[in-house]
1. Find the centroid of the Cα atoms in the range 220-260 and in the range 118-163, then give the distance between the two in whole Å.
2. Would you mind calculating the relative contact order of the range 152-238 from Cα pairs under 8 angstrom and at least 6 residues apart, reporting the percent as a whole number?
3. Distance in nm between label sites at residue 35 and residue 240, each 7 Å beyond Cα in the beta-carbon direction?
4. In whole Å, largest first, what are the principal axis extents of the Cα atoms in the range 36-90?
5. What distance in nm separates the two pseudo spin-label positions at residue 259 and residue 69, each 7 Å out from Cα along the beta-carbon direction?
6. Please state the equivalent ellipsoid semi-axes for the chain: what are the square roots of 5 times the Cα gyration tensor eigenvalues, largest first, in whole Å?
7. Return the FRET efficiency for the residue pair residue 111, residue 49: r is the Cβ-Cβ distance, R0 is 35 Å, and the value is rounded to the nearest 0.05.
8. How big is the Rg/Rh ratio for the range 35-176, C-alpha atoms only, Rh by Kirkwood, two decimals?
């Protein structure tokens, strides 16, 4: 019996050794060489894994940049500093545009917009928009339940007492999560140097807007007429701003009869 036991141990040990040698050879034969730049690029990225780049996380973006699938400027959150650092790793140059931040295209809060019903469903904008459309009479404005604030990975959005989101330009990175989360599409990204915003997204006729919102666009077209740069066009009863043409003269805000357009005298420093 002892001889059988010893023989079994020897045979099992020999088989284990043989398998180990085989695995060692297989590991060498099928070894995938990893470009060390992948880890370097990933380390240069912010590491927040917000998905603003279009990839599932910073690691995936790093692989895409090294493989040439994504540009060195692929991370909108990191800004110019991150892009330059990655460009140095990749031995190339980075071309970074102006930093963008989120802007809310609605100023019709609880005080300015007529209430039409009491919503008691699931307390998310997405849910409210699917069935009754929330509490406000305006079917285009902010629902005020804060989906944008919930998804913001940088705590750059808070809901104020008037039921509207406020965006902190110092914290906002332009990742676009809030833009994607808003079921009414009233949040957009705009160059940080912009000082003029049309804070409305309603396509109702002016008569309807006047009845339900004191600060909504009534489609009068005065802003488009007075703009010296042709930066505003009227589209489906709503004034639309072309940020590429606007020179921040502020004339449209001055002439807007409902004060839908806001103009800020001070420029937020573009970094």
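1. Going from one Cα centre to the other spans 27 Å.
2. Averaging sequence separation for qualifying contacts and normalising by length gives 18 percent for the range 152-238.
3. Rounded to a tenth, the inter-label distance reads 3.9 nm.
4. Projected onto its principal axes, the Cα set of the range 36-90 covers 23, 20, 17 Å.
5. 5.1 nm
6. Values: eigenvalues 608, 135, 34 Å².
Over the Cα atoms of the chain, the ellipsoid semi-axes are 55, 26, 13 Å.
7. 0.40
8. Over the Cα atoms of the range 35-176, Rg/Rh equals 1.13.
Coordinate-derived values only; no laboratory data. Small disclaimer: the values here were computed from a predicted structure and weren't measured. Backbone-built Cβ (ideal geometry, glycine too); neighbour counts: all protein chains shown.
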